[in-house]
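Read-outs: derived from the displayed coordinates by stated rules, not from any lab. Since the model is a prediction, treat every value here as computed from it, not as a measurement. Positions of Cβ are generated from backbone atoms using ideal geometry, with glycine treated the same way; all protein chains shown enter the neighbour counts.
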Amino acid sequence: MKIQIAQFAGFCQGVERAYKIALETKENNKNIPVYVLGYLVHNSFVIQKLESLGIKKIDSLDEIEENENCIVIISAHGVGPDIFERAKEKCVKVIDTTCPWVKNAHEFARDLSKKGYSIIIVGDKNHTEVKGIAKWVVDQDNVIVLENASSLNDIKDIESSKIAIIAQTTQAEENFEEVVNAVKVKFPQKEIVVRNTICGATQRRQSCAIKLAKDSDIMIIIGDKKSANTKRLKELCEKTGVLTFQISSKEDLDKNWFVGKERVGITAGASTPEYIISEVVDAIQS
């Protein structure tokens, strides 16, 4: 059985950067509490590692005591300006690990909304990153989240004569383009500005995964169930017609999947540690 790993798989630079900053923050502040607001990255193994080092996850700044001497880490997914304002009110020191690509989306949302554009975000409406991007829109009545082109059917009209379209950084390129085209068809009289904020790492992972899937009998996608980019990789591989499974670790493997299969393709989400990938490969080989 031949096993091939996608050229681009596992930790992206944004995730690696956030993880490194979190570790360094705790190492340099051993005697005070260090919290991370939400999930630093969407991977349970990474979260467990952080917790073992004393970096506690909180869901709200309200969980912090007034005047508590502590540090709060902002996750790679980013947050809205309201969180920074609230942290300032509570005199909490903030370490921001927001991915630079996500910050780019924040800036487009803020700056274009200031210029009077209604903002359309192509992404998963319940995802942390999308919620954070939306918060940077100056007029909260002028932001719309579309998960796909068909969801545009629920939008009757947009008051502004100008529309700006941006993307969740882990969106599939094809889905983003479909939404952009659908918006242009539905609102031909409006000025439309498109800012493709899908990150380069996401694009490379997706193209490599598709290429590998077409040359495999089975694809194994490694990543947490909460990971949006992992979910996207699975969907894209399934579209090629190849048998595809998403797993979190080697424990999720089923030997029956590989019966009669000669070519196994493996890729992993941007928040999957290298050692998890290696363990899966070793388990399949054995």
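Here is how the numbers come out for the structure above:
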{"read-out": "Long-range lysine pairs (8 or more apart or interchain), the range 104-168, Cα under 15 Å", "value": "4"}
{"read-out": "For the chain, calculated [θ]222 nm from helices alone, where every DSSP H run of n ≥ 4 adds -39500 (n - 2.57)", "value": "-11500 deg cm²/dmol"}
{"read-out": "Charged-residue dipole, Cβ positions (Lys, Arg, Asp, Glu), the range 13-99 about Cα centre, Debye nearest 20", "value": "360"}
{"read-out": "For q = 0.14, 0.25 Å⁻¹, Debye-computed log10 I/I(0) when each Cα of the range 234-286 counts as one equal scatterer", "value": "-0.37, -1.19"}
{"read-out": "Mean projected area (nm²) of the alpha-carbon convex hull when the range 169-246 is viewed from all directions", "value": "5.9"}
{"read-out": "Full-extension gain in nm, W257 to D282, via 0.36 nm per residue minus C-alpha separation", "value": "7.4 nm"}
{"read-out": "P(r) of the range 13-99 over all Cα-Cα pairs, binned every 5 Å from zero, in whole percent", "value": "3, 15, 30, 26, 19, 7, 1"}
{"read-out": "Least to most buried among S248, S286 (fewest other Cβ within 10 Å first)", "value": "S286, S248"}
{"read-out": "Cut-off 14 Å between beta-carbons: net charge of the residues surrounding I210, Lys and Arg +1, Asp and Glu -1", "value": "+2"}
{"read-out": "Order of M219, M1 under a 10 Å beta carbon neighbour criterion, fewest first", "value": "M1, M219"}
{"read-out": "Neighbourhood charge, 15 Å Cβ-Cβ cut-off, centred on F8 and excluding it, Lys, Arg +1 and Asp, Glu -1", "value": "+1"}
{"read-out": "Neighbour-count ranking [beta-carbon atoms within 10 angstrom, fewest first] of E107, E27", "value": "E27, E107"}
{"read-out": "Rg in Å to one decimal, and Dmax rounded to a whole Å, for the range 101-194 via C-alpha atoms", "value": "11.8, 33"}
{"read-out": "Candidate aspartates and glutamates - alpha carbon under 13 Å from K234, same-chain residues fewer than 8 apart omitted", "value": "D224"}
{"read-out": "In nm, spacing of pseudo-spin labels at E65 and N28 (7 Å Cα→C-beta vector)", "value": "2.6"}
